[in-house]
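The values are calculated or read from the model by the stated rules, or taken from the named source; none is laboratory data. Bear in mind the structure is a predicted one, so any value in this text is a computation, not a measurement. Neighbour counts are summed over all protein chains in view; Cβ atoms, including those assigned to glycine, are modelled from backbone coordinates with ideal geometry. Quick note on the areas: whole protein, heavy atoms, side chains included, nothing else; ligands and nucleic acids left out. Shrake-Rupley method; radii C 1.70, N 1.55, O 1.52, S 1.80 Å.
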Amino acid sequence: MTAFEFQNIEFQKRVNEVDYFFSCLDTLYVFFDQKQSKVLKDKLDKDTLNHSDFMVILKSNGYLMLYNLIESTVRSLIQRVYDEITIQRLGYKDIRIELQRIWINVSYDSLGHTTTNFNQHKDKAKEMIGFVINDEKIVLTEKDINLSGNVDYRTIKDVFKKHGLEVPSDHGSKVGVGLKEIKDKRNTMAHGNISFIDSARDTTLTDLSVYRTEIIDYLLQLNESVTNFIEMENYKYQIT
């Protein structure tokens, strides 16, 4: 199995999990509207919380699942480009200018600017020059993909453009809104700034489902963009 096939399987696995979760959530909403749900409602209803609160908590978990899908997909797509560079054993002069800049930034950032002096910067520059002159092979890894919980529409466009990748423009009208809201909700919950109930109290399942559908479609477009990029060998140096 190739890395590409594995990543596609992982993507589909995560999408299946999200779809299953939303299907179960929708089923529960329908069930709680029926008379036979009284027994379960009574078991879920406590002194301060009830079954309605439980459903809101589940919607908050929907935000977390969607964010997990988004960040993991973007990270794996960029990793596919890095893997191709490694597989092809390409050096600095072999890769396109945008990827050269990525390597420069990654190499230089390894210094840790707050604790270095002039001589250390000079030594790093000499090391990088030697790397290029000796045609050593570029290796970029997942740790070089800095997303850190902040993936939204703007971030995706920025990351893709910095790697020389084409950014899809034919997408649903709520992709940008959904990506930002999912990122913001995820971060406020992850940092403990808001409870799960307060986070999704005003969110309808319909809105969340629209976000899910359009975002999954957008991620598929991103996947297609990376696939074309690799098949056309656009990661290689472009002679203009």
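Ligands, DNA and RNA left out, the 1.4 Å accessible surface of region 20-171 is 53% carbon and sulfur atoms. Computed over protein heavy atoms with a 1.4 angstrom probe, the accessible surface ordering of 170, 198, 53, largest first, is 170, 198, 53. Each Cα pair under 8 Å and six or more residues apart adds its separation to the average, and for the chain the resulting relative contact order is 30 percent.
Ranking 169, 195, 225 from most to least accessible surface, computed with a 1.4 Å probe over the protein chains only, gives 169, 195, 225. Ranking 133, 239 from most to least accessible surface, computed with a 1.4 Å probe over the protein chains only, gives 239, 133. Placing unit charges on the Cβ atoms of the charged side chains and taking the dipole of region 53-102 about its Cα centre, the candidate lying farthest along the positive direction among 99, 74, 61 is 99. For the pair residue 177 and residue 133 in one chain, pulling the backbone fully straight at 0.36 nm per residue adds 11.2 nm over the alpha carbon distance.
Which loop-located trypsin sites (Lys or Arg not before Pro) does region 35-71 contain, where loop means any DSSP state but H, G, I, E or B and the Cβ has at most 14 other Cβ atoms within 10 Å?
Those that pass, being in a loop and sparsely packed, are 46.
Using heavy atoms of the protein chains and a probe of 1.4 Å, the accessible area assigned to residue 56 is about 20 Å². A straight Cα-to-Cα reach below 24 Å connects residue 35 with the lysines 43, 46, 59, residues fewer than 8 places away in its own chain not being considered.
Residue 139 contributes about 90 Å² of solvent-accessible surface, heavy atoms of the protein only, 1.4 Å probe. Here residue 97 sits with roughly 80 square angstrom of accessible surface, probe radius 1.4 Å. Simple spin-label estimate for residue 53 and residue 121 gives 5.6 nm between the two label positions (7 Å along the Cα-to-Cβ direction from each Cα).
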